[in-house]
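Asks: For reference, the structure I am asking about is given below.
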């Protein structure tokens with residue numbers, strides 16, 4: 001199954017336990033395939049570097065490098081018009097559309113409100129685990 005992770009889900013999975021961590025474990029174990037774009041990678045890196053200052057034992061650069069090697073990197077075409085209230089979230093929808101990925105995992109309220117846009121389901125980490133991983 002191909003999925004996109006919004007930045008907060010990816011970063012939470014790297015630095016903390018809980019459902020986002022379980023989702024990264026599913027990726028590590030080959031249960032899901034992560035889809036990303038260059039824009040998403042850069043946002044992961046930027047946010048991760050801020051937390052790396054607090055959690056110095058976690059090397060975010062190595063994890064980003066692994067992501068670049070193991071995830072499917074998609075060339076994205078921008079959406080013709082804004083969809084989300086926060087236009088920064090549109091990069092996830094654009095990546096999903098360009099890769100024919102149907103699931104974005106997010107806790108972001110603006111992205112969750114866009115669920116259903118052109119057949120893309122935006123679900124919380126807990127709902128993803130309950131509906132897709134524990135079946």
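Readers should treat all values here as calculations from the given coordinates under stated rules, not as data from a laboratory. All values derive from a computational prediction rather than experimental measurement. Cβ: placed from backbone, ideal geometry, glycine included. Neighbour counts: every protein chain shown.
Asks: Quick check: residue separation of residue 2 and residue 31 times 0.36 nm, minus the Cα distance between them. What number comes out in nm?
Replies: My answer for the length gained is 9.5 nm.
Asks: How tilted is helix 90-99 with respect to the longest principal axis of the chain? Cα atoms for both, answer in degrees (0 to 90, nearest 10).
Replies: Orientation of helix 90-99: about 80 degrees from the principal axis.
Asks: Can I ask one more? With the cut-off at 25 Å, report for the chain the share of all Cα pairs above it, as a whole percent.
Replies: Working: 1770 of 9045 pairs.
The answer is 20 percent, as a whole percent.
Asks: Related question: I want to make sure I understand the PRE zone here: with the label point 7 angstrom from the Cα of residue 16 toward its beta carbon, which residues in the stretch 91-116 have backbone N atoms less than 19 Å away?
Replies: Once the point is set 7 Å along Cα→Cβ of residue 16, 105-112 turn out to lie under 19 Å by backbone N, inside the stretch 91-116.
Asks: Cα-Cα pairs above 18 Å in the stretch 64-135: how many percent?
Replies: When all Cα pairs of the stretch 64-135 are counted, 44 percent exceed 18 Å.
Asks: Here's a follow-up. With the Cα gyration tensor of the stretch 14-80 giving a ≥ b ≥ c as the square roots of its eigenvalues, does the rule (a/c under 1.5 for rounded; else a/b larger than b/c for prolate; else oblate) give rounded, prolate or oblate?
Replies: oblate
Asks: Give the separation of the Cα centroids, the stretch 1-16 to the stretch 66-135, in Å.
Replies: So the two Cα centres are separated by 11 Å.
Asks: What is the log10 of I(q)/I(0) for the stretch 5-47, computed with the Debye formula using one identical point scatterer on each Cα and no solvent, at q = 0.18, 0.34 Å⁻¹?
Replies: Here log10 of I(q) over I(0) equals -0.48, -1.17.
Asks: At a 10 Å Cβ-Cβ cut-off, how would you order 124, 7, fewest neighbours first?
Replies: Working: 124 15, 7 20.
Result, fewest neighbours first: 124, 7.
Asks: Right, next: If you rank 121, 28 by fewest surrounding Cβ atoms within 10 Å, what's the result? Kindly include the intermediate steps, with their values, before the conclusion.
Replies: Values: 121 18, 28 11.
Starting with the residue having the fewest Cβ neighbours, the order is 28, 121.
Asks: Okay, moving on. So if R0 is 25 Å, what FRET efficiency would residue 109 and residue 131 give, r being the distance between their Cβ atoms, rounded to the nearest 0.05?
Replies: About 0.85, to the nearest 0.05.
Asks: Compute the acute angle (0 to 90°) between the alpha-carbon long axis of helix 19-28 and the principal axis of greatest extent of the alpha-carbon atoms of the chain; round to the nearest 10°.
Replies: 80 degrees
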